[in-house]
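Here's the structure, in structure tokens; my notes come after.
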Amino acid sequence: MLKLCRKYKYNLSNINIYISIFNVYLFRNNIIDKLLTINNKDYLFALYKLVNKSSADNDIVKLTKEQILMLHLSDEDIESGNLISHDQLVKDDLKWLKEM
């Protein structure tokens, strides 16, 4: 994590925010992985109705302080030219995964 800190010049409190948001994505992906293993049509239909009833399409999403901060940090990165190409991002991710 400190390596990430140095690379992007964020302090540890910003990294903790990143980890918090990242955990939400991991949690969501874990749910999706579990859904892909369900074969029971009735169970899937019940889940579909539940998710469809609480659809985010109809709700106004209120951003957390952490999400707003991450957006501001992204804006700062764009303004300062701290950008990389998608291809470079993929290469960096693969390198990072191999180091784990």
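Quick note: the coordinates plus some simple rules give every number you see, no bench work behind them. Predicted model, so just to flag it, every value in this text is computed and none were measured. We place every Cβ from the backbone using ideal geometry, glycine too, and count neighbours over all the protein chains shown.
Quick one: what are the phi-derived ³J(HN,Hα) couplings along segment 76-88, Karplus 6.51/-1.76/1.60 with θ = phi - 60°, whole Hz, x for glycine and proline?
Running phi through 6.51 cos²θ - 1.76 cosθ + 1.60 with θ = phi - 60° gives 4, 4, 5, 4, 8, x, 7, 10, 9, 6, 4, 4, 5 Hz.
Arrange the following residues from fewest to most other Cβ atoms within 10 Å of their Cβ: His72, His86. Can you show the working numbers first?
On the way: His72 10, His86 7.
Placing the least packed residue first, the sequence is His86, His72.
Quick one: 3J(HN,Hα) in Hz for segment 64-70, Karplus 6.51/-1.76/1.60 with θ = phi - 60°, rounded, Gly and Pro as x.
7, 4, 5, 5, 5, 4, 4
Step through the residues of segment 27-44 one at a time and calculate ³J(HN,Hα) from phi using the Karplus curve (6.51 cos²θ - 1.76 cosθ + 1.60, θ = phi - 60°), rounding each to whole Hz and writing x for Gly and Pro.
Couplings: 4, 4, 5, 5, 4, 4, 4, 5, 4, 5, 8, 7, 10, 6, 4, 5, 5, 4 Hz.
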